[in-house]
1. Angle between the Cα long axis of helix 265-281 and the longest principal axis of the chain, 0 to 90 degrees, nearest 10?
2. Between residue 260 and residue 135, take the C-beta separation as r, use R0 = 51 Å, and let me know the FRET efficiency to the nearest 0.05.
3. Summing -39500 (n - 2.57) over the DSSP H runs of n ≥ 4 in the chain and dividing by its residue number, what mean residue ellipticity at 222 nm do you reach, to the nearest 500 deg cm²/dmol?
4. What are the semi-axes of the equivalent ellipsoid for the stretch 42-194, taken as the square roots of 5 times the Cα gyration tensor eigenvalues, largest first, in whole Å?
5. Where does helix 83-92 land angle-wise versus the long Cα axis of the chain, in degrees 0 to 90, nearest 10?
6. Kindly provide the pair-distance distribution of the stretch 116-177 built from C-alpha pairs, with 10 Å bins from 0 and whole-percent values in order of increasing distance.
7. Starting from 0 in steps of 5 Å, tell me what percent of the Cα-Cα pairs of the stretch 34-109 lands in each bin.
8. Using a/c under 1.5 as the rounded threshold, could you call the stretch 220-270 rounded, prolate or oblate? The axes a ≥ b ≥ c are square roots of the C-alpha gyration tensor eigenvalues, and prolate needs a/b larger than b/c, oblate otherwise.
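Derivation of every value follows stated rules applied to the coordinates shown; laboratory data play no part. Just so you know, these numbers come straight off a predicted model, no measurement behind them. Cβ atoms come from the backbone with ideal geometry, glycine included; neighbour counts cover every protein chain shown.
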């Protein structure tokens, strides 16, 4: 009994000593929303703010827009991609700069990052969402300090957004990206929403965009740092490698990573480490 009491005493003393040391600050993820006039609904988003955001009130930060996949929302990257944990580990290790990370919600009632009948998400993103975010938070707000990344449907959105707006993004990191569909292909069109999603993915075919680009357009694409990351067992593997080949043929620098894996969160969680480090290297700070 005496030995047990002594052991408990040492444990309590150890806990007391541990409590005297302040906890190290870490970046935090929270959820907020805005009322969209373009979409006519409230849209949630998740935001990661780095550990110095509250203690350095005059500092501005680079920003990453991180896009989720189909049938998901802004919580996917937070809950299943472990956004907060991965970001803190990389920043604390000096492998990524402190940055603001925004995960918008392009899911729930509709799915898709492009303008379609009844869902003008692309217009919302560029005319309403980005200006709102970069006014609300302390964002540097120039091309050199703005990047975009995403998985699956969000990987396709990442690629298309950077293709159409190369003046806005320094880096684009596409994971397992839905870069295009053959005519008549895609998600089973059980309703109008899915049919519209398929149509807009076909219309915004990333590979054809490169193949059909004139030299002036190719030159603007060279101003973006491109990275394609796709598992060798992914059903989108062929279209991702087709995109990489098209970029090479057009003499547009693009990195390609192929690892063992499929179209799942195990792959995307591990890819996030490389994605954050890659976009960070492109930031001007």
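1. 90 degrees
2. E(calc), rounded to 0.05, equals 0.75.
3. When only DSSP H runs of four or more count, the value is -11500 deg cm²/dmol.
4. 28, 16, 15
5. 70 degrees
6. It works out to 22, 51, 26, 1, in whole percents.
7. So the P(r) values, bin by bin, are 3, 15, 22, 22, 17, 12, 7, 2, 0.
8. Because a/c hits 1.5 or more and a/b exceeds b/c, the stretch 220-270 counts as prolate.
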